[in-house]
Every structure is written in structure tokens, then in C-alpha cells.
Amino acid sequence: MLFAITSAHALAETARDTLFLQELAPERLPWAYLGIAAGVLLSAQLLGRAIGAGSHLRALQLLLGVGALGHLAFARIRAPAPDEWLYALYVWCGVLTTQLLIQLWLALSSTLHVGQAKRAYAWISAGGLAGAASGAGVAALLLLRWPVQGLLVAAAIALGLAALGSLFLPVRTDEPGTANEAAPWREVLADGYGARVLLVAALLAATTTGIDYVFKAAAVAALPAARLGDFFARFHAAVNAGALAVQLAVTPWLLQRVGVARSLLVLPASLAVGSGLFAALGGLGPALGLKASEAVLQQSVHRAGNEILFLPVPEKLRVALRSAAAALGQRGGQALGSLALLAALAAGAGPRHVTLGTAALATAVFGVVLGLRARYVDRFRTGLRSLVAETADAPELDLQALECLIGALSSADPDDVIAALDLLESYGRARLVPPLVLYHPEPRVLVRALELFRDSRDPALPALVRRLGAHPDADVRAAALRCRGDAFDASALRTLLYGDPAQAARAAAVAELA
């Protein structure tokens, strides 16, 4: 489905950009950006009310049908087209694709648990990138024989195929009204983590709005109008193929080795450098490099990392945060960027001046992401505490997650080990904790592990517990007695009772003797 949706968008985007820029000057683009932002904000509210307690899948199917019919209606545009139709087409394509992707991902997140999502999301995302590359490639081929309006017919066919595919998606079988129950946006904004995720989305959207204008202005200045359609189709095909390659070959390695927060720094750093180069040199070449780096990295590394940012958020808040990030963050940032762009153009600024602003915005994104890492980790800690307290809400563990938890038991960081012990206990998997964890040098780890081993009948435990009866830390000695007092003979217990300076250890010895 995602392959078909992104193929349709690539086809419609090529037609939209070509028809718009053949008739109107690039300086009119900020008004179209502003229309998309307003359209997404308005449609999000209307769609939310229309869905009510229904499912995101039903909303997705409705949008696919309406989208196919809308593309067929716009395919009737003939040059020279009225300005209003060109603006309407530009806004229609942006709003439709945004809402389709939101509803598709929400439908998936309400159907798949975390373990399934970890296995499926990478392949689903790769299918979306493959669709975008294929759609742009098909657009280039169709333009050899068809007028540009024919691309909208092909886009309608692709959305029709996606609608057929949606019939095979499973429907969530929760109680009525719970599938789409989400927290209001103000609750998301009240949370510091959600507000920062929203700020990153807004600043990045404002940055990419300026970059898109600079790229298209450079293309119009360097190429004749008749070549724009072929140029945009070939460019989008190459960029999406590059994004697919990065998604498959680089993104998984980068996320695992560098981490989510640091991976999200790659895009703003690249945009700041590319904007500076264009401001210094100008021309179509630097504009191509700037737009290509933005498109490739945003659709691969940044999108994958950004999806992971939603994972530590509870499901009710997650739906609201995802919706707010797409509507308030992304489109709100696009609206602010469009207004700033209109003001700059009215003041006589050119594309090279605009990139100075995009460089400043990209630097701001870099700074906000730097401060996001601590809050990202803190959200996982908060989730861990609630998970231990409410095990009924714990998502299913898959094999990779279990391997990760068992591996964390050998970490040098005691907080990592204790967190793994807590999670294994909350999932009822404490039996998988090896007794060798009692060799850990940190007393806090030993006390927590001894609490887990109280009901264990492992034959290796008595010798290890007796060893800890002479541990220099009083809490460890007391925990050892509480865990397996039968590992100590009466003489050892009396020695602890009369000779141990710690009251807790003496009390545990009394209890065991009794």
C-alpha cells in the first residue's frame, strides 16, 4: 500500500511542479506552501471529527477513494490553466499525501505490537521509498508519450490499487471508542519531551520549505520551461533511489552504532553545510546537492529515527503526538517558513539570501536535537517504572528484545543491569537471569538480584549466596540471608548474629535461626 501511495505522490508531484512552474513564477511558491499548511491543519480537525470512534483504516480507505477521484478531476486541467486551479492542485497533492501517510501509520500502530513493528517497519518504509523512486521513473517514461496531465491519471490508478490493498489489512478489534481515543494536543504540549519533538518538526519544516523554494527557483532560472517536467521526474527518481539505498544499507547500522539522537543530527548538519555552500556559490549545481541531501537523508535516516522518537511515549499520547507533529509541527513550521519567505522576497531577498536563513534554522535544529537525547532516555526510564508497576500493559517481548535484556545483565553500568532485572521480572522471565550475575561488583545489583532469586531452586545458588554472606556491604549480607538462609549452617548464622555490625544482617540471622 505504501509503495502505491508514494508512487502516486511522485507522479502527482511531478505533474504539480511542472504545471505550476510553467505558468507561475517561483516567487508564488510560498503562497502554495502556506495553503498546504492551512489545508493540513484544517483537514486534520475535520477528519478527526469525521472518524470519531471509527478506525484509522476506514479513514484511510475513504481518503484513497476521494484522492483517486480528485486526481482524475485535476487531470482535466489544460494549459493555460487559471491560477486558482494551479494553486488548488499544489495544495491538494500536499494535503492528500500527508493525511494518507498519517492514517496509514496510525492504522499500523494500532494493529501491530512493538515486536512486530520492529520487524516490519523497516521493510514497510523501504517499500515506500521504492514506490517513490518507481513513481518518478514511470513519470519520466510517461512524459515521453503523454502530456503532463496524464501523470495525474496514473496517480489515480496507483491510489485505486492502494485502496484494493487496504481491504486485506486487519481491523483492530478493540472495544468501540478505544482504538482512536487519544490525548488532546495540549496534553502533548504540556510534556517537555513532546514539545521538543514538535519543535524539531517545526524548525525542520521551515528549513526544508526554504530549501524547496531555492531548488525550484534555481531550476526555473537554469532550464527552459519545456524541460522542467523531465528534469523533475529524473531528479525525483534518482533521489528516491538514493534514499532507498541509504535506508537499506546505512540507516540500520547508523541507528544501532550511533544511536537515535545522534543519527538525527546528520540531516541538520548536512543542511547547514549545503545552505552555506549555495549562499557562497549559487547556481543549479549547489542547489541540486542541497535538495538531494535534504530529500535522501530526510526520507531515510531522519524518518526512521523520528519514528523511533515516538516509541517511549504511551500509546494514548503517541497518537496525539504523531498527529500534532505532522499537523502543528510540520505544517505549522511550513506556514511560518512560508511567511518568513514571503517577507524576505518582499524585502528584495534572492535565493542566496534565503539559504542564509535556512543555514541558521538548520543550526537551530541541530541544537534542539542535542538537547533531546536526555529527555528521550528519561522517557524510557519513566516508561520502565510504569511498566514494572503495570505489567498488564507490557508489550510482547520478541527474541531480539530478550537477547538485548540478557546481554544487558553483563553491562558495567549498574543502572542497565537493574533495569534489565526489573523488566525480566515484570515479564515473568526472572528464571532466565543467570546466577553468575551475583559476581557483579555493584552492591545495588547484588541486592536486586538476590531479591529475584528468593524462590529459585537453582543448585548453583547456595554456594554463591554463602560467599555473599561475607560481603563488605551490609545490605548485601542481609539480602543474602533473606534470599537463602538455608545456605548457612547454624554456626555461620550465630557468627552473623553476634558479630555483624549491621542491624539488618543481625535481624536476618535471627529470623533464619528462629
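The values are calculated or read from the model by the stated rules, or taken from the named source; none is laboratory data. Just so it is clear, the model here is predicted, and its values are computed rather than measured. Here the Cβ positions follow ideal geometry from the backbone for every residue, glycine too, while neighbour counts run over all protein chains shown. Each accessible area value is taken on the protein alone, full model and side chains, heavy atoms only, with ligands, DNA and RNA left out. Shrake-Rupley method; radii C 1.70, N 1.55, O 1.52, S 1.80 Å.
Test Leu450 against the stated conditions and say whether it is closer than 17 Å to Ala507 by Cβ, modelled with pLDDT of 90 or more, open to solvent by less than 80 Å² (accessible area, probe 1.4 Å) and of a type outside the set (Val, Ile, Thr). Break it down stepwise before answering.
Numbers: closer than 17 Å to Ala507 by Cβ: yes; modelled with pLDDT of 90 or more: yes; open to solvent by less than 80 Å² (accessible area, probe 1.4 Å): yes; of a type outside the set (Val, Ile, Thr): yes.
Considered against the rule, which asks whether it is closer than 17 Å to Ala507 by Cβ, modelled with pLDDT of 90 or more, open to solvent by less than 80 Å² (accessible area, probe 1.4 Å) and of a type outside the set (Val, Ile, Thr), Leu450 comes out as yes.
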Residue within segment 388-407 that is touching a helix residue (DSSP H, G or I) at 6+ places or on another chain (Cβ under 7 Å), at pLDDT 75 or above and part of a helix (DSSP H, G or I) present: yes
Selection from segment 324-345 of residues that are more than 23 Å from Leu46 (Cα to Cα) and of a type in the set (A, V, I, L, M, F, W, C): Leu339, Ala340, Leu341, Leu342, Ala343, Ala344, Leu345
The one condition in (1) at pLDDT below 85; (2) within 22 Å of Leu436 (Cβ to Cβ); (3) open to solvent by 50 Å² or more (accessible area, probe 1.4 Å) that Asp415 fails to fulfil: (1)
Unique residue being modelled with pLDDT under 85, open to solvent by 20 Å² or more (accessible area, probe 1.4 Å), under 21 Å from Leu29 (Cα atoms) and aliphatic (A, V, I, L, M) when the list is Ala79, Ala53: Ala79
Tabulated pairs, segment 327-348, first over 21 Å from Arg303 (Cβ atoms) and assigned to a helix (DSSP H, G or I), second open to solvent by 60 Å² or more (accessible area, probe 1.4 Å) and not polar (S, T, N, Q), C-beta under 6 angstrom, 6+ apart or interchain: Leu345/Glu27
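Within the group Ala340, Ala362, which residue is modelled with pLDDT of 90 or more, open to solvent by 30 Å² or more (accessible area, probe 1.4 Å) and over 30 Å from His56 (Cα atoms)?
On the way: Ala362 fails: open to solvent by 30 Å² or more (accessible area, probe 1.4 Å).
Testing whether each residue is modelled with pLDDT of 90 or more, open to solvent by 30 Å² or more (accessible area, probe 1.4 Å) and over 30 Å from His56 (Cα atoms) leaves just Ala340.
Mind telling me which of the residues Asp458, Asp489, Asp475 ends up being within 28 Å of Leu405 (Cα to Cα), free of Cβ contacts under 8 Å to residues at least 24 places away in the same chain and not aromatic (Phe, Trp, Tyr)? Give the steps one after another, and end with the answer.
Numbers: Asp489 fails: within 28 Å of Leu405 (Cα to Cα); Asp475 fails: free of Cβ contacts under 8 Å to residues at least 24 places away in the same chain.
That would be Asp458, the only listed residue that is within 28 Å of Leu405 (Cα to Cα), free of Cβ contacts under 8 Å to residues at least 24 places away in the same chain and not aromatic (Phe, Trp, Tyr).
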Residue pairs meeting the criteria (Cβ under 7 Å; at least 6 apart or on separate chains; first open to solvent by 20 Å² or more (accessible area, probe 1.4 Å), in segment 255-270; second polar (S, T, N, Q)): Leu255/Ser263; Ser270/Ser293
Candidates Val445, Val433 - the one that is open to solvent by less than 50 Å² (accessible area, probe 1.4 Å), at pLDDT 90 or above and closer than 30 Å to Pro312 by Cβ: Val445
Subset of segment 271-318 that is among the basic types (Lys, Arg) and open to solvent by 30 Å² or more (accessible area, probe 1.4 Å) - its residue that is nearest to the chain's Cα centre (by Cα): Arg303
Test: residue in segment 285-298 that is more than 27 Å from Ala8 (Cβ to Cβ), touching a residue at least 12 places away in the same chain (Cβ under 8 Å) and assigned to a helix (DSSP H, G or I): yes
Residue tally, condition of a type in the set (A, V, I, L, M, F, W, C) and within 16 Å of Pro435 (Cα to Cα), over segment 482-508: 2
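Need a quick list: helices (runs of 4 or more DSSP H) entirely within segment 102-221 having at least 1 residues that are modelled with pLDDT of 90 or more. Quick ask: steps written out before the conclusion?
On the way: elements: 114-142, 150-166, 185-190.
Of the helices (runs of 4 or more DSSP H) lying wholly inside segment 102-221, those with at least 1 residues that are modelled with pLDDT of 90 or more span 114-142, 150-166.
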